Structures are given as structure tokens and as C-alpha cells.
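What follows is a single structure, written as C-alpha cells, with notes after it.
The values are calculated or read from the model by the stated rules, or taken from the named source; none is laboratory data. This one's a predicted model, so the numbers in the text were calculated from it and none came from an experiment. Positions of Cβ are backbone-derived with ideal geometry, glycine not excepted, and every protein chain shown enters the neighbour counts. Ligands, DNA and RNA are stripped out before the accessible areas are found, and what is left, the full protein with its side chains, is counted by its heavy atoms. Shrake-Rupley method; radii C 1.70, N 1.55, O 1.52, S 1.80 Å.
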Amino acid sequence: QCVAVCPTAALTEVNYTNKVWEAINDPDKHVVVQTAPAIRVAIGELFDMEIGTIVTGKLVTALKRMGFDAVFDTDFGADLTIIEEASELIDRIKNNKTLPMLTSCCPAWIKFIEHQFPELIEIPSTCKSPHIMFGTIVKTYYAEKKGLNPKDIVVVSVMPCIAKKAEAERPELTKDNHNNVDLVITTRELGAMIKEAGIDFANLPDSDFDNPLGESTGASVIFGTTGGVIEAAIRTVYEWMTGEELDEVEFTQLRGIKGLREATVDIAGRKLRIGIANGLGNARRLLESIRDGKEKYDAIEIMACPGGCIGGGGQPYHHGNYEVVKKRQEALYREDRNKKLRKSHENPFVKKLYEEYLGKPYGQKAHDLLHTHYEKKERI
Ligand code: SF4
């Protein structure tokens with residue numbers, strides 16, 4: 001068994017690539033793969049492509065050639081997360097509930113808060129992270145649509161992240177004792193599998209993700225960078241709270257690579273104060289300032305890895321070179337600008353999912369399937 005140390009020094013990486021091949025080769029299994037936003041701007045580096053090359057289409061072709069039954073996009077799950085997270089933030093603001101709300105897609109920080117800041121356990125959003133939401137929808141809505149038994153579906157997540165392997169096993173994120181995501185592999189592991197399959201990645205033609213769970217907006221693409229999740233949420237919160245269309249969707253005040261940032265966004269006369277942290281020490285400082293009452297925010301985003309998921313522990317090694325991380329970040333912003341739709345609530349397939357299956361955003365069924373809760377744990 002191959003293990004590598006997580007950059008957060010909290011976890012070890014278990015290599016599931018053999019299990020993924022076994023599932024692909026099992027004729028009784030329907031194997032669905034989803035890829036996180038940060039993968040498409042980094043995996044090309046493993047095939048000697050220029051840093052910051054966007055390889056979304058080649059990635060999809062490679063996954064199809066490897067034999068997956070359906071190739072979907074975690075970005076769909078990210079758009080879905082924004083619908084729920086934006087609804088939750090508006091609910092917390094309007095009904096004087098706990099603020100700030102912490103976006104909840106980084107499992108390393110959820111775990112950190114549980115153990116190190118139990119007094120702040122109410123601040124993380126109750127939304128499951130995008131790949132877990134996605135897996136939940138595959139094993140319910142998609143299974144029903146395709147007439148498949150969820151037990152015969154294997155959901156594989158390709159993530160920039162080592163912590164996502166442990167996240168997929170968390171009892172709070174499983175359903176009826178079954179994992180919503182069965183196997184998590186990293187960008188590096190997928191690169192190794194593509195090489196093992198003898199696929200000439202750099203020269204592949206482009207393909208599109210499969211539908212209905214492959215459509216995404218620019219808002220979901222920027223999830224891969226520090227500041228991206230909160231910017232995606234604000235695009236939706238703004239339009240829903242004001243009832244007005246955003247002229248300019250790029251909230252540049254939320255962007256950058258600095259470890260600790262803050263910005264104020266005016267929404268319908270209410271000034272939302274936002275804090276953003278990436279990297280271990282910065283995130284701790286942000287949480288301490290909130291715990292000690294020194295700073296007050298309405299929403300915060302924390303990513304454990306420097307630069308966010310683009311600098312994640314499962315990505316091609318960048319050896320602490322911020323120029324690499326910045327080029328990946330620029331590539332994500334380019335990909336966002338290339339998208340026809342740039343706000344999560346405009347994703348037509350997400351809208352259809354609510355119409356056909358989930359009902360109201362932040363409603364009962366959405367709560368049952370897409371939300372969870374966290375508990376205080378012993379300090380370690
Ligand atoms: Fe994983 Fe790092 Fe992204 Fe957090 S910031 S979700 S630990 S890759």
C-alpha cells in the first residue's frame with residue numbers, strides 16, 4: 001500500500017487506484033467519476049504541459065477512455081452547494097442566527113474547528129461539501145433516473161485533496177450507513193492511472209462532460225481558488241437579496257493570494273463583512289480573532305492549503321512555489337470568464353434537479369440529502 005504524508009500533517013494518503021480499476025473492470029458496477037475544479041488547471045503539469053494550461057476537455061476524454069461509465073463534474077455539485085449555502089447565509093442574516101457563516105467545503109478545517117475551536121462549532125455552514133453533495137445526488141436522483149440500484153453504483157471522486165479521502169468516510173456524510181462517495185483519488189494518482197493506461201494525454205482531443213450532472217457555471221469553477229467559494233456565494237446572495245441582476249460578477253475585492261484578507265460587499269444597503277484565509281497559520285489567526293471578539297464578520301471562507309485547492313496536497317507538487325499556484329489561479333479565472341453562465345443559480349440542470357426532485361432550495365428534502373451537522377470533539 002502506497003502512503004504519502006498530507007501537507008497538513010494530519011492524515012496519510014491511502015492509494016485507492018487499484019480499487020478504482022477493479023470497479024471499472026467489474027461488469028456489475030456502474031462507475032461514475034467526478035472531477036474537482038482544481039484538477040483541470042493542474043493535471044497537465046504531469047504530462048509536461050505548461051503550468052496553468054486548462055485541460056478540461058482532455059481530462060474528460062482520458063476518463064472516458066479509461067472506461068468510466070459516466071464522466072461528471074464536481075462543479076455541478078459546487079453550483080448545488082452555492083444554492084444551499086447562499087440560502088443558508090440569507091436565512092442566518094434575516095433571522096439573526098449565528099454569524100459569521102463559514103463555508104464548509106474544506107474538510108481539513110471542519111476537523112480543525114471540531115477539535116481546536118469547539119466554541120465556534122455553530123459557524124460552519126451545514127452544507128455538505130460539493131463532492132459529497134454530488135455523490136448523494138448520484139445515489140438518489142441519478143440512480144432513480146437511470147433505474148439503477150444505488151448499491152451497484154460506485155462514485156469515484158478525483159480531488160486535489162488528501163483530506164477528502166477521510167471526509168468521504170465520515171459517518172455524518174454517509175446515508176443509511178452507505179458512503180455517498182466510494183473512492184477518492186488525487187490528481188497525482190489519476191495522472192499515474194492515465195500513464196498506466198498508456199493514454200497520450202497531451203495529444204487527446206477534447207470531449208464534454210456527460211449530462212445531467214456535467215453542466216456547470218463559472219461560479220463553480222472558481223471554487224478551486226482561495227476566495228472563490230465566497231465569491232460564488234456572493235454572486236447568488238446579491239441577486240437573491242436585491243432582486244437585481246449583477247452587472248459585474250467579478251468581486252475583485254475578494255480575490256488575491258494573500259493568506260489573510262478581508263473585504264466589504266454592499267448588498268441591498270447591508271454591508272457584508274467577509275474574511276478569507278488560506279494556509280494553516282492564517283486560518284488559525286482568523287478564527288482566534290473571531291473567538292476573542294476582536295473581529296466581526298458575516299461570512300468567512302477558510303482553505304487549509306496555500307492558495308486554496310489549486311495548491312492542495314494531492315496536486316502535482318509545486319514545492320512551495322507561489323508562481324505555480326498563481327498560474328493555476330489565473331487559469332481558473334480564465335475558465336470562469338469563458339463560461340456562458342457565471343452564476344450558480346443559472347445552472348439549468350441544477351434548476352431541473354430542484355424542479356424534478358429536491359423541491360425548494362433549503363427545503364426539507366434538500367436538508368435531508370444535502371446538509372449535515374458537526375459536533376464538538378475533544379481537543380487534540
Ligand atoms: Fe483539501 Fe486543501 Fe482544498 Fe481544503 S484547501 S479542500 S485541504 S485541497
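So here's what we get for this one:
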quantity	calculated
Heavy-atom accessible area order for 318, 131, 373, largest first, 1.4 Å probe	373, 318, 131
Extension gain (nm, one decimal) between residue 192 and residue 378, 0.36 nm per residue minus Cα-Cα	63.2 nm
Those lysines that a straight Cα-Cα span of less than 20 Å connects to residue 97, excepting residues fewer than 8 apart in one chain	128, 271, 294, 296, 376
Accessible area in square angstrom per residue, the chain, 1.4 angstrom probe	40
Residues of type aspartates and glutamates that residue 351 reaches as a straight line, Cα spacing below 14 Å, ignoring anything fewer than 8 places off in the same chain	79, 84, 215
Distance (nanometres) between label positions extended 7 Å along Cα→Cβ at residue 203 and residue 340	3.3
Accessible-area order (highest first, 1.4 angstrom probe) of the listed residues 122, 288, 50	50, 122, 288
Proximal lysines to residue 195, defined as alpha-carbon separation beneath 27 angstrom and excluding residues fewer than eight positions away on the same chain	19, 29, 58, 64, 164, 165, 326, 327
Check: the chain dipole with +1 on Lys, Arg Cβ and -1 on Asp, Glu Cβ, in debye	640
Lys/Arg +1, Asp/Glu -1 at C-beta; segment 3-370 dipole; positive extreme among 24, 143, 95	95
Residue 159 accessible area, assembled protein chains, probe 1.4 Å, Å²	10
Carbon + sulfur, % of accessible area of the chain - ligands and nucleic acids excluded, 1.4 Å	47
Residue 209 - accessible surface, heavy atoms, 1.4 Å probe, Å² rounded to 10	30
The chain: calculated mean residue ellipticity at 222 nm from DSSP helix runs of at least 4, using -39500 (n - 2.57)	-10500 deg cm²/dmol
The chain - percent relative contact order, Cα under 8 Å, separation 6 or more	26
Whole-number D in µm²/s for the chain (Stokes-Einstein; Kirkwood sum over Cα pairs; 25 °C, 0.890 mPa s)	119
